[in-house]
Amino acid sequence: MFVGLVVVHEWGHFIAARRGGVEVEEFGIGFPPRAWSRKLKSGLLFTLNWLPLGGFVKLKGEHDSATSKGSFGAAPLGTKVKIMLAGVGMNLLTAYLILTFLALIGIPKIIENQYTVAKDTKVIRNDVLVGYVSEDSPAEKAGLKIQDKLISIENSAGKKEYIPSIEKLPEVTQQFAGQNVTLNIVRDGNSQKRSTTLRSANEVQASRNSDSPKGYLGVSPTEYTIQRSTWSAPIVAAGLIKQFTEATLKGLGNLVANLFKGNASEATKQVSGPVGIFVILKDGSLLGIQFILMIIAIISLTLAIMNALPIPALDGGRLFVTLLFRAMKKPLSKEREEKIHGTGFAILMLIFVLITIVDVRRFF
């Protein structure tokens, strides 16, 4: 998935460079050291590299100060801007197409007030899932786990109540308070039955006056909802991109603010790396292909946003430095450009290592 998004991103740079008359010397997936390479008939060197953290397109004379024919440096400023932002555009387009497709077949609702066109939206799936299991609760004794899908609860007299929404769950458990019940659940795609005894009404009522109030079953439920659109699918995709972009920028703002305040623990809650993505996909894969596609779209959008920001070594940073020196009417030498972006890249790799350590501690 990640390699695919990187290829899409770098393909944007590749196409923009070729159309702008700039020669492409190498198309690399991952970062060196090199694992495999092949020279194409066009003269382009295609490489696979050992560090799967991104990718790159190496252009002839890719420094702003280069002057030889066919080099990036000799291209007009407008062409340089197109080349540097082409990867952002491709990731943005990928996110938009995936979200449009999802809106048509059914898109997961993953945040509160998720954008949609109400009059063209139909809920096609609504699962009640276990979000948390209280310690020493009837749910724990029954062996319930997070992400178990609750289907129905049946008492010993054979009375069965279905659970179509999280609002229905407390009604059912209160109705069967103190009784031996059978929980009908779905785990890993398989239907299962779990038996337990719910807490009594007196026990639950007494706990409400204590520091640890208890429920009849002892779970915190969550809903997984999929909603479908028709004619409004392209509008929904555009609205979601705007909504997720605002949320991402807000999260980045909180991260920076917490770092300046010296609150590192809060800052780390705002970010996650490949390990965190792996855990999300591993746990979310049981929810279906729509959830996986949703995460891919969000990651593609995030790549577009991050590469658009003026961060050294990334596309937005390269564009910002180029435009800054043009505005100051100062030449941007090869040495100075390499120092700026080399330092930025080293900092990014350090951040990547730190985020990976945080993710490992958080999830394992």
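Each value in this text was obtained by applying a stated rule to the coordinates, not by laboratory testing. The structure displayed is predicted, hence computed values, not measured ones. Every residue, glycine among them, receives a Cβ derived from its backbone with ideal geometry; neighbour counts consider all protein chains shown.
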### Message
Over the chain, with a Gaussian network built from C-alpha contacts below 10 Å, which listed residue (GLN227, GLN290, GLN205) shows the highest mean-square fluctuation?
### Response
GLN205
#### Entry: Residue of GLY317, GLY262, GLY273 that the Gaussian network model of the chain assigns the largest fluctuation, springs spanning Cα pairs under 10 Å
GLY262
### Query
Of [x] 22.6; [y] 23.8; [z] 16.6, which is the value of mean projected area of the Cα convex hull in nm² derived from the coordinates here?
[y]
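Grab the alpha carbons of segment 44-135, take their convex hull, and tell me the volume per residue in Å³.
That works out to 246 Å³ per residue.
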### Task
Quick one: work out Rg over Rh on the C-alpha atoms of segment 126-227, Rh as Kirkwood radius.
0.95
### Fraction in percent of alpha-carbon pairs per bin - 5 Å, segment 9-58
5, 23, 30, 23, 14, 5, 0
### Task
Using a 10 angstrom cutoff on alpha carbons, build the Gaussian network for the chain and name the most mobile of GLY106, GLY239, GLY87.
GLY239
### Summary
ASN202 and LEU77 label points (each 7 Å along its Cα→Cβ direction) are spaced in nm at 8.3
### Query
Roughly what would the spin-label model give for THR222 and ASN209, points 7 Å off Cα along C-beta, in nm?
3.4
### Summary
Extension length gain for LEU259 and PHE345 (0.36 nm per residue less Cα distance), in nm, is 29.0 nm
### Task
Rounded to the nearest 0.05, what FRET efficiency do LEU249 and SER42 give with R0 = 45 Å and r taken as the Cβ-Cβ distance? Could you check?
0.70
### Task
Multiply the residue gap between ARG326 and ARG19 by 0.36 nm, knock off their C-alpha separation, and tell me the result in nm, one decimal place.
108.2 nm
### Message
Are there DSSP H segments in the chain that both extend 30 Å or more along their axis (alpha-carbon positions) and score a mean Kyte-Doolittle hydropathy of at least 1.6? List them, or say none.
### Response
77-105
### Task
Work out, step by step, the length gained on full extension between ARG361 and TYR162: first 0.36 nm times the residue separation, then minus their alpha carbon distance; give nm to one decimal.
67.8 nm
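Run the helix sum for the chain: -39,500 (n - 2.57) per DSSP H stretch of 4+ residues, divided by residue count, reported at 222 nm to the nearest 500 deg cm²/dmol.
Calculated mean residue ellipticity at 222 nm is -15500 deg cm²/dmol.
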### Query
Once you put a point 7 Å from the Cα of VAL117 and another 7 Å from the Cα of THR67, both along the Cβ direction, what distance in nm separates them?
5.6
### Query
Assuming a viscosity of 1.306 mPa s and a temperature of 10 °C, what translational diffusion coefficient in µm² per second does Stokes-Einstein assign to segment 237-364, Rh being the Kirkwood radius over Cα pairs?
95
